[in-house]
Structures are given as C-alpha cells and as structure tokens.
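Take a look at the structure below.
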Amino acid sequence: MKLFKNKKTGKMYVTLSEEKDCLVGFDGVPYTGSSDDVEEVSTTASAQDFRRLHIVEETFSAGCDKDWHLKDILYVPVDGKDVAFRVEHISDEKVYFVAVDAVGKSSMTNMNDYLDAYLAKMPESLVNIMCEIEHCADGNLVRRSKLTLLSRKNVKDDEFKYDLNGADDILFDGLQTEAECCKNLDGETMYYWLDTPTSSPYAGYSTYFVIVSSYGNPGSYGGATIADAVVPCFSIRKQQKADCE
C-alpha cells in the first residue's frame, strides 16, 4: 500500500493495487482526477507515533505501598478542601511531595507556627508516615520537620553564599525549570518563601530569606517580617510497612 496526496487539494489517498490509477480516499471515495495531480508521499510522514499521558485516579489508605512516579498528584484533605501535592522528586529512600500551589501567606518570623498549625490539620494517617525533612546551611540546622518549605538547593543547584548541606538539600528533578517553580495563590502567581537564610546560617536569627519570584526564579530575597506565599512540602518513605489488605 502506498500513500498519495492531491497536489491541489491536499487530500490523501491510498493505493488498492500497485497502479497509481487505483486510488481511494480515507472516506472510501475513489480518486477520479488526473494522475499528474497526485504525488506519492512518505508513509512515515503521516504514520507518526504519539505519546499519551494516561492518568488514573484511585483511592488508597495511607501507609500502603504505592508505585509513585514523578509528577503524580496526591490530594490531601485540609480544612474540608482537597489540597493538591505533586511528586517532584524520588530518591532512593523517599518520595517528595510539594504543594501544587501556595496554601496561604506568612512571614518567616511566624513560619514555624504557620507550618505547625497546617500540619495539625492534615490527616493523622498521613502525618504518621511522613519523614522529617532536614535543611542546613554551613552545617547549621535551619529546620528539621515533617512539613517544611523547599530549600534553595531543591530548586537550583549552583554556587550560594552558604553550603546547603542538609540531608534533604538536594536538587528536585521536577523543579528544574522556572515554569515548574512558579506557584499561584487565588489565581495569581506569587512570590513565595524558601527555607534558606541569606543573612545568617541560623534560621532563628536570620533577617532575610531566599524567595522565588513570580517568574519562578529563586534569586531574590526578602525580609523575614514580610508576608509572602507559603508552599509546603513533605516526604514519605518509598516502601511502607503496612497491612493494606
């Protein structure tokens, strides 16, 4: 079978025999025009392979072994709403979930209280299997908590004034472009906080922290008393030991 195209109309035809005068359109109508008006085209030009992303929604109990994939979405009920968290990195031991959009606003001076209050509203079954996330700067602990913010190292792996060397200060595979780093709040792209101090490696004493701009660039910084958007993240072990029967 060969593929031909009408040079005037662009309509496609296929051969029913080896002769070019036996052409039929994909609608089943035979070609009746002049053979000079059709030309053979490569079958590879129209027989392209397409990719489909097939998303399957399912429910499961926290603690069950699941095969997580990058960019999977987990909906977590908080305050009567399903808050979307997306898998942005999978290490040898952990699966890291980051809020798809900001969940609110807070200053960094009140961030510990804000995150603790938000964690208290998350389902206990999920909180029980969360791992602690550790961020450090120059060997000084910035934060270690089950619910925290992204660090600058999670979104950009380059030279920084401090060595970000906590156990979870690693570049996330799902946040390597500015577009992926952008976050919205109430339909508007916002500046949001990162868990990385710029004026002191001690989080409790820093007056400035790194923020991600509305363009997804983690190159700015803001005063700790300013209220900017909050994008929480958490992690779970890749293998859970739970009876899910």
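The values are calculated or read from the model by the stated rules, or taken from the named source; none is laboratory data. As the structure is a computational prediction, the values presented were derived from the model and not from experiment. All Cβ positions, even for glycine, are placed from backbone atoms using ideal geometry, and neighbour counts span all protein chains on display. For the accessible areas, the whole protein counts, side chains as well, though only heavy atoms, and no ligand, DNA or RNA atoms are used. Shrake-Rupley method; radii C 1.70, N 1.55, O 1.52, S 1.80 Å.
The stretch between Ser199 and Asp79, if pulled fully straight at 0.36 nm per residue, gains 39.7 nm over its current Cα-Cα span.
A Cβ-based charge dipole, computed about the Cα centre of the stretch 103-245 with Lys and Arg at +1 and Asp and Glu at -1, lands at about 180 debye. Highest GNM mean-square fluctuation among Val56, Val212, Val83, for the chain modelled with Cα contacts below 10 Å: Val56.
When Lys5, Lys161 are compared by accessible area at a 1.4 angstrom probe, the order from most to least is Lys161, Lys5.
Mean-square fluctuations from a GNM of the chain, with a 10 angstrom spring cutoff on Cα atoms, peak among Ser206, Ser125, Ser35 at Ser35. For the chain, the longest principal axis of the Cα atoms and the long axis of helix 111-121 meet at an angle of about 70 degrees.
Which order do Leu171, Leu115 take by accessible area at a 1.4 Å probe, largest first? Walk me through the intermediate numbers first.
Details: Leu171 50, Leu115 5 Å².
Largest accessible area first, the residues go Leu171, Leu115.
Close amide H pairs (under 5 Å, H built 1.01 Å from N) link Val83 with Val76, Val78, residues at least 5 positions away or on another chain. Taken one residue at a time, the phi angles of the stretch 152-162 give Karplus couplings (6.51, -1.76, 1.60, θ = phi - 60°) of 4, 5, 5, 10, 7, 9, 8, 5, 9, 5, 10 Hz. Gly and Pro are set to x. The peptide list 217-223, 182-188, put in order of mean Cβ contacts within 10 Å with the highest first, becomes 217-223, 182-188. Note on the chain: with charges restricted to the Cβ of Lys and Arg (+1) and Asp and Glu (-1), its dipole about the Cα centre is near 320 debye.
Quick one: grab the alpha carbon gyration tensor of the stretch 132-245, order the square roots of its eigenvalues as a ≥ b ≥ c, and give me rounded if a/c is under 1.5, else prolate or oblate depending on whether a/b is larger than b/c. List each step's numbers first, then the result.
Working: a/c = 1.71, a/b = 1.24, b/c = 1.38.
Oblate is the answer for the stretch 132-245, as a/c is 1.5 or above yet b/c matches or exceeds a/b.
For the chain, relative contact order (Cα pairs under 8 Å, six or more residues apart, normalised by length) works out to 20 percent.
Mean sequence separation of contacting Cα pairs (under 8 Å, at least six apart), scaled by the length of the stretch 140-228, corresponds to a relative contact order of 28 percent. With a 1.4 Å probe rolled over the protein heavy atoms of all chains, the accessible area of Ile226, Ile236 falls in the order Ile226, Ile236, largest first.
What FRET efficiency, computed as 1/(1 + (r/R0)^6) with R0 = 22 Å and r the Cβ-Cβ distance, is obtained for Lys238 and Gln176, rounded to the nearest 0.05?
With a Förster radius of 22 Å, E is 0.60.
A simple spin-label model places the labels of Tyr215 and Lys121 3.3 nm from each other, with each point 7 Å out along Cα-to-Cβ. The distance between label points at Ser91 and Lys105 comes to 3.3 nm (points 7 Å beyond Cα on the Cα→Cβ vector). Each residue of the stretch 217-234 was assigned a 3J(HN,Hα) from its phi angle through the Karplus curve 6.51 cos²θ - 1.76 cosθ + 1.60 (θ = phi - 60°); the sequence is 9, x, x, 9, 8, x, x, 5, 8, 7, 8, 10, 5, 10, 10, x, 9, 8 Hz, with glycine and proline shown as x. The modelled label-to-label distance between Thr9 and Thr189, using points 7 Å beyond Cα along the C-beta direction, is 4.6 nm.
Note on the chain: Cα convex hull, mean projected area over all directions, 20.5 nm².
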